[in-house]
Amino acid sequence: MKAALFTISILFGSNVWAVDSLSGAVEQQALNIPAVVMFLIFVTATLGITYWASKRMRSTSDYYAAGGGITGFQNGLAIAGDYMSAASFLGISGLVYLSGYDGLIYSIGFLIGWPLILFLVAERLRNLGRYTFADVVSYRLEQLPIRTLSAFGTLAVVALYLIAQMVGAGKLIQLLFGLPYHYAVVMVGVLMVMYVMFGGMLATTWVQIIKAVLLLLGASFIAFMVLKHVDFDLNTLFEQAVSVHPKGLDIMAPGGLISDPVSAISLGVALIFGTAGLPHILMRFFTVSNAKQARRSVFFATGFIGYFYILTFVIGFGAIVLLSNNPEFFDGNGLLLGGNNMAAIHLSKAVGGDFFLGFISAVAFATILAVVSGLTLAGASAISHDLYASVIKKGNSSAKQEIRVSKIATVILGLVAIFLGILFEDQNIAFMVGLAFAIAASANFPTLILSMYWQGLTTRGAFIGGFTGLLTAAVLVIVGPIVWVDILGNEEALFPYKYPALFSVSIAFLCIWFFSITDRSKRAENERKQFEHQFIRSQTGIGAHDAADH
Amino acid sequence: MSAERYEQVKQNPQFHQLVKQRSRWAWSLASIILIMYFSFILLIAFSPAWLGQSLSGGVITIGIPIGVLIILVAIILTGIYVYKANKDFDRINQEIISEIKQ
């Protein structure tokens, strides 16, 4: 990876979401043989699992929810896997490398939604739903409008997330493996379609688990080597980092990540509520057998994610200490090769040589593959389970038909993802993950939480409020500083804040509330009446779908 | 039929006790998390210098242990809820279900 000039330009400091996507021009590298070999081992193993899973797939429950047979511990790892994307591993450690403490703020924001999901959402979600979160929202509301809304919310989040991951995958593979961008995007697309189409949720979950374990092991090893380098004395680590970092002592305190209180709170709202509205994450709660396992899932997930974020903090500081004075990792202009997001990758070479560099590169690729598979499955399920089976066929389709539609949807999503991945190669995609979180927080989360907690919710309120939230989030991102100024090149943003969630979430809740309480229809009356039984089921699990269903 | 079972559960005082107890725990723990997180965020917005002051004369600032502590508290609180739910809520829930007349 030496002596090449390439930059991944990232708007650090100006936009927290930039961390979760790799963007900018990248130059292809020489073929990295150990990385390719290790990645091929991963692909072979996961395709083997997919074959095994395909043999066991008989019902819709197997396809969407792995037959409900995943344990809390396994699911905790899978959730952590879904959440620890390659770009967040490289991005957070890169952010710590660049500005120190700010990376920790970012990590905390991403973690803090998890305890809340446990306390307020996880058990009820499992007790009420079956395959998708739309099952829960539409439990006592009218199927057609609510499933349509949820499917839109799901597909919007999935599409935005997929584009960010596909582009990131292409760039990363160019960098790490020395393969051309288009090959990489097509390969990711084809593999994810195979996992999802043939192996369903069972294969997707195991791909996720394997990747999570590899990533945690790899990151643990890097962090261990960093600590060994400073004789396990954190004070030495920080002292050395401060002495070599251009920003000096400033890396030990909050910097420019968050500037004003409104942005700060708005970002917090997006992170917390967005996490609880991500369709591919919510779907994981239906893969366990009951509410107890759902609870355990979140406990393990929170533990793994928290541990992982502490590791990335150590890795970022380790990169400052171990890379800064080593010309091998810098270009002629004194910039880190491949940009700051490559800090963890370079560090893996510095502490473990070429072999370990290959390992971490393969893990990074595996990570992308696992995350896009989870996203694709969530998107395909929204199409087949929510739109096809419930809206178009009104619940009168057979399991076989539904799975077939899901498989077709998977192929289409794969093609769309490849197409968009190529289309967006040279675009600034830094805003996309932020927009995905904003939509999840403004459309999916308010309808989901109110359906479980508020008797007064009606179809009209959820439908109007949910779509208002979705559109508000999208419009505010477009006219905000990131897209309006940075991408479209206008002088001044029409909406001054980078993170719209505080506003779009508030508007969504307000609209849902207003259009529910003013709903005097017979249907609304009926929906309010049904809340009591729904509530008892959500609390006790009586009547909940179990593993052997269908 | 589920509806009949729900009607029976509704009459069971234990159910209402379970709901009360569980929501008290859930909301208390959730409040701790929310207050902790938003205090942290507001500290960053309003007085980053406070978080940036030295912990004990060295380079480590107050902000570092606070940040790590928030992560640990988040993990510990999820552990507490799971422990409490496994120990008490599930047991009460099981009793409620077993009291339903078939």
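The values are calculated or read from the model by the stated rules, or taken from the named source; none is laboratory data. These figures come from a predicted structure and were not determined experimentally. Glycine also receives a Cβ, built like all others from the backbone with ideal geometry; neighbour counts cover every protein chain displayed. In case anyone asks, the SASA skips ligands and DNA or RNA and just uses the protein heavy atoms, side chains included. Shrake-Rupley method; radii C 1.70, N 1.55, O 1.52, S 1.80 Å.
Summary of computed values
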read-out: Per residue accessible area of chain A, 1.4 Å probe, in Å²; value: 32
read-out: Net charge over other residues, Cβ less than 12 angstrom from the Cβ of B:I92 (K, R count +1; D, E count -1); value: +1
read-out: Amide H partners (placed H, <5 Å) of A:G338, local residues excluded; value: A:F6, A:I8
read-out: Once the Cα gyration tensor of segment B:2-98 is diagonalised, semi-axes √(5λ) in Å; value: 44, 14, 7
read-out: Accessible area, probe 1.4 Å, largest first, for residues B:I75, A:I478; value: A:I478, B:I75
read-out: Computed [θ] at 222 nm, helices only, for the protein assembly as shown once each DSSP H run of length n ≥ 4 contributes -39500 (n - 2.57); value: -23000 deg cm²/dmol
read-out: Candidate lysines - alpha carbon under 27 Å from A:K393, same-chain residues fewer than 8 apart omitted; value: A:K407, A:K522, A:K529
read-out: Estimated inter-spin distance, A:F330 and A:E532, nm [label 7 Å along Cα→Cβ]; value: 7.2
read-out: Kyte-Doolittle mean at least 0.5 and Cα axial length at least 30 Å: DSSP H helices in chain A; value: A:33-56, A:143-177, A:181-229, A:291-323, A:343-381, A:399-423
read-out: Shielding score for B:27-34, defined as the mean number of other chain Cβ atoms within 10 Å; value: 4
read-out: Only Lys, Arg (+1) and Asp, Glu (-1) charged, at Cβ; chain A dipole about Cα centre in debye; value: 2140
read-out: Chain B: most fluctuating residue of B:S39, B:S56, B:S31 per GNM, C-alpha cutoff 10 Å; value: B:S56
read-out: Shielding of B:41-49 by partner chains, average beta-carbon count, 10 Å; value: 6
read-out: Computed lengthening from B:Q53 to B:H16, 0.36 nm per intervening residue step minus Cα-Cα distance; value: 8.4 nm
read-out: Set A:K55/B:K87; B:K10/B:K87; A:K211/B:K87 screened for pairs whose C-alpha atoms are more than 27 Å apart; value: A:K55/B:K87; A:K211/B:K87
read-out: Protein heavy-atom accessible area occluded, B/A pair - total, 1.4 Å probe, Å²; value: 4600
read-out: 15 Å beta-carbon shell around A:K407, net charge (K/R +1, D/E -1); value: +1
read-out: Per residue solvent-accessible surface (Å²) - segment B:2-98, probe of 1.4 Å; value: 49
read-out: Only Lys, Arg (+1) and Asp, Glu (-1) charged, at Cβ; segment B:2-98 dipole about Cα centre in debye; value: 120
read-out: Sequence of A:H533, A:H182, A:H245 from largest to smallest accessible area, 1.4 Å probe; value: A:H182, A:H533, A:H245
read-out: Translational diffusion of segment A:41-143, µm² s⁻¹ [Kirkwood Rh, Cα pairs; Stokes-Einstein; 37 °C; 0.692 mPa s]; value: 194
read-out: Neighbourhood net charge (12 Å Cβ-Cβ; Lys/Arg +1, Asp/Glu -1) for A:Y101; value: -1
read-out: Chain A - percent of accessible surface contributed by carbon and sulfur, probe 1.4 Å; value: 65
read-out: Estimated D of segment A:320-430 in µm² per second, where Rh is the Kirkwood radius over Cα pairs and Stokes-Einstein applies at 20 °C, 1.002 mPa s; value: 122
read-out: In nm, spacing of pseudo-spin labels at B:I97 and A:S243 (7 Å Cα→C-beta vector); value: 6.1
read-out: Dipole magnitude of segment A:102-230, debye to nearest 20 (Cβ charges: Lys/Arg +1, Asp/Glu -1, about Cα centre); value: 140
read-out: Furthest towards positive pole of dipole, B:V68, B:W25, B:V9, structure part chain B, Cβ charges; value: B:V9
read-out: Semi-axis lengths (Å, descending) of the ellipsoid that matches the C-alpha gyration tensor of chain A; value: 38, 26, 21
read-out: Most to least packed among A:57-65, A:368-376, A:39-47 [average Cβ atoms within 10 Å]; value: A:368-376, A:57-65, A:39-47
read-out: Carbon plus sulfur fraction of accessible area for segment B:2-98, probe 1.4 Å, in percent; value: 67
read-out: Shielding score for A:271-279, defined as the mean number of other chain Cβ atoms within 10 Å; value: 1
